[in-house]
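Structure, as structure tokens:
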Amino acid sequence: MPEVIEVLNPVAVAEGELNKFSLASRTKSLSGKKIGLLWNAKRGGDVALAKVGELIESQFGNVQLIRIDGSIGCKPEVLDFAKKECEVAIGSTGD
Amino acid sequence: MGIPTVAIVSKRFAEDAKKSAAIFGCSSFPFAIVPDVLTGIGPEEIKSQVEGVFDLITESLTSRSIGQDTDTSTSKARVQPAIMEKFEGADLLESFHNMNKIFLDRGWGDGFPLIPPMVKAVDQMLTGTSRKRQEVVAVLAPGNGLATVEKIAINAVMAGCSSEHLPILISTCEAIAAPEFPLRNLCMSTSAFGILLVVNGPIAKKIGMNSGQCAMVPGAPSRVNVAIGRAMRLILLNIGHAYPQVMDMSTIGSPRKNGMCIAENEEANPWEPFHVEKGYDSQASTVSVFGAGSDITVADLYSYTSEGVLNTFTGRFNADLLHFLGARKELRLVGHAHILMSPDHAKILAGDGWSKETVKTHLFENARIPAKRFKEQRKHNARLVDPEWMWAFDAADDLLLPVVESPDQFDIVVVGGEAGISLLILDICGPVIREIK
């Protein structure tokens, strides 16, 4: 006769599992757009974003690149700035 | 964010990034995954790897198919009671081993055997508080897990705690969830931060905490400290979702992460206890949480004067703290030095008339490092230096800079047994204190 132990699950539900949201609608083209380059301040991420900006400019020409220096655990006002000033955003963590 | 967004992330951190997106409710967030961690490669290699994912970046911002499969359904009940899990074996011992194996396979443990959180044990644990079983005490980063009293109690059972430890764990959850405590950074960093709990007030003695020799660990004299510290580790895992290699990305790791819990040695403390210094009544019981990024032994068994002891402390501060000196305010990383001072050192200092405040001021004025070190360390990330501190790059190499920006960034807790051995813990934030009720 097998012995059974019954235990309670220790894992908490995450807020994100209860409050899901959809992605913003994608844009048709990057041409003419204000593009945010959001860096979290880790080494290398800024280099990656600078290269992305260079490639976008060479491919789409008439874009406006907006460099945004954030932090690890980005402050809401930085994200609010990106949302207000940019039409699309590209982030890089360095990791 | 409300606008089309994509993020560049390395293959090694891709799972971490996807999990992070999911916990913020956006599991279909697009990533452009590059082969290497960018902090570990040079600029030319970074540019090359970015070129490799450039088409994916533009597609992620423009493709109509992105995000179409997003499930936005939400659960009506915010919190559900913990579900039951059954484990079978030929006998109870085998059942116990099966439970432990499966829990560890799922990442739910710290590597040591876990006490089975059976209903009877959890119910017994819950007698330690009058708070409701499904009350959400806090939301814990990095996974934004809902810390209900029940989930805290389950993890406390697994760690070997008893019901009288539960109020400390509840208050600790409240403390680490405070906005001023960078729990997300501490848990997810490639550095190896632990979280140190310091208990003050009558509860420490009442529940048998060790504030003397070997207070931090190891062994039987510190069994209560060990159990509480371990419970917090399990809570960070199973409630905060700070699972190693998923959201805890520490490069090497550290035993500090297994749990650090002490009581202040108030009897041997010649000054006011830490919680009284912070404005609490001496008869209040409190828990203070500190980040713990590294620790340095301060050994001085030979000085009989405050001058000698202070010289020893002053010499122990190194350039680690300079990493945060003058950091841009929005980084919210403030270097702190938590001094776990042995009673012998404290006694010598107090005996010569030093208060905690004057000790902190002395350390601020004397623990200094040449500007050359600042320049060498910060030249690669000058963008992270606050404009107010940019002058330091033009300073003379031998100009002495403080290791922190204010005497308030030193904290002193008296702990341990006899002998002149103290411990210096370096951190990226100040302590947060909560009353234990």
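The values are calculated or read from the model by the stated rules, or taken from the named source; none is laboratory data. Just so you know, these numbers come straight off a predicted model, no measurement behind them. Please note: Cβ atoms are built from the backbone with ideal geometry, for glycine as well, and neighbour counts cover all protein chains shown.
Being within 7 Å of chain B (Cβ to nearest Cβ), within 21 Å of B:ASN185 (Cα to Cα), without any contact (Cβ under 8 Å) to a residue 60 or more places away in the chain and not β-branched (Val, Ile, Thr) is a condition met by no residue of the range A:24-35.
Suppose the filter is out of contact with any His (no Cβ under 7 Å at 6 or more places or on another chain), crowded, with 18+ Cβ neighbours inside 10 Å and at positive phi; does A:ALA89 pass it? Please lay out each step first, then the result.
Numbers: out of contact with any His (no Cβ under 7 Å at 6 or more places or on another chain): yes; crowded, with 18+ Cβ neighbours inside 10 Å: yes; at positive phi: no.
Judged against the criteria, A:ALA89 is not a match.
Residue count for the range A:62-78 under the criterion of being modelled with pLDDT under 85 and farther than 13 Å from A:TRP39 by Cβ: the result is 4.
For A:SER71, the criteria (1) touching a strand residue (DSSP E or B) at 6+ places or on another chain (Cβ under 8 Å); (2) within 8 Å of another protein chain (Cβ to nearest Cβ); (3) among the polar types (S, T, N, Q) hold in every case but one, which is (1). Remark: pairs (first residue in the range B:236-253, under 19 Å from B:LEU146 (Cβ atoms); second residue in a loop (DSSP other than H, G, I, E, B) and of a type in the set (S, T, N, Q); Cβ separation under 7 Å; 6+ apart in sequence or on different chains) are absent.
Go through the residues of the range B:353-372 one by one and say whether even a single one is within 14 Å of chain A (Cβ to nearest Cβ), surrounded by 19 or more Cβ atoms within 10 Å (Cβ to Cβ) and not acidic (Asp, Glu). Step through it out loud before you land on a result.
Filtering the range B:353-372 for residues within 14 Å of chain A (Cβ to nearest Cβ) gives none.
Within the range B:353-372, none of the residues are within 14 Å of chain A (Cβ to nearest Cβ), surrounded by 19 or more Cβ atoms within 10 Å (Cβ to Cβ) and not acidic (Asp, Glu).
Within the range B:257-277, track down each residue that is in a helix (DSSP H, G or I) and farther than 15 Å from B:LEU183 by Cβ. Please lay out each step first, then the result.
Quick first cut of the range B:257-277, residues in a helix (DSSP H, G or I) only: B:257-258, B:274-277.
Once the filter is applied, which keeps residues that are in a helix (DSSP H, G or I) and farther than 15 Å from B:LEU183 by Cβ, the range B:257-277 yields B:ASN258, B:PHE274, B:HIS275, B:VAL276, B:GLU277.
Quick one: in the range A:37-68, which of the residues that are facing chain B (nearest Cβ under 8 Å) and of a type outside the set (A, V, I, L, M) is farthest from the chain's Cα centre (by Cα)? In this case the residue turns out to be A:GLN59. If you check A:GLU77 against the conditions, is it more than 7 Å from chain B (Cβ to nearest Cβ), closer than 23 Å to B:CYS429 by Cβ and either in a helix (DSSP H, G or I) or in contact with a Lys or Arg (Cβ under 7 Å, 6 or more places away or on another chain) (or both)? Yes; evaluated as a whole, the condition is true for this residue.
One residue stands out among those in the range B:374-391 that are in contact with a strand residue (DSSP E or B) (Cβ under 7 Å, 6 or more places away or on another chain) and assigned to a helix (DSSP H, G or I): the one that is farthest from the other protein chains (Cβ to nearest Cβ), which is B:PHE374. Please verify whether the range B:10-27 includes one or more residues that are touching a Lys or Arg at 6+ places or on another chain (Cβ under 7 Å) and surrounded by 20 or more Cβ atoms within 10 Å (Cβ to Cβ). Yes; the residues of the range B:10-27 include at least one that is touching a Lys or Arg at 6+ places or on another chain (Cβ under 7 Å) and surrounded by 20 or more Cβ atoms within 10 Å (Cβ to Cβ).
Looking only at residues of the range B:75-109 that are surrounded by 13 or more Cβ atoms within 10 Å (Cβ to Cβ) and basic (Lys, Arg), we find that the one that is farthest from A:VAL13 (Cα to Cα) is B:ARG106. Residues in the range B:392-412 that are in a helix (DSSP H, G or I) and surrounded by 11 or more Cβ atoms within 10 Å (Cβ to Cβ): B:ALA392, B:PHE393, B:PRO407, B:ASP408, B:GLN409.
Screening A:GLU6 against (1) touching a Phe, Trp or Tyr at 6+ places or on another chain (Cβ under 9 Å); (2) at pLDDT 90 or above; (3) more than 7 Å from chain B (Cβ to nearest Cβ) leaves a single unmet condition, (3).
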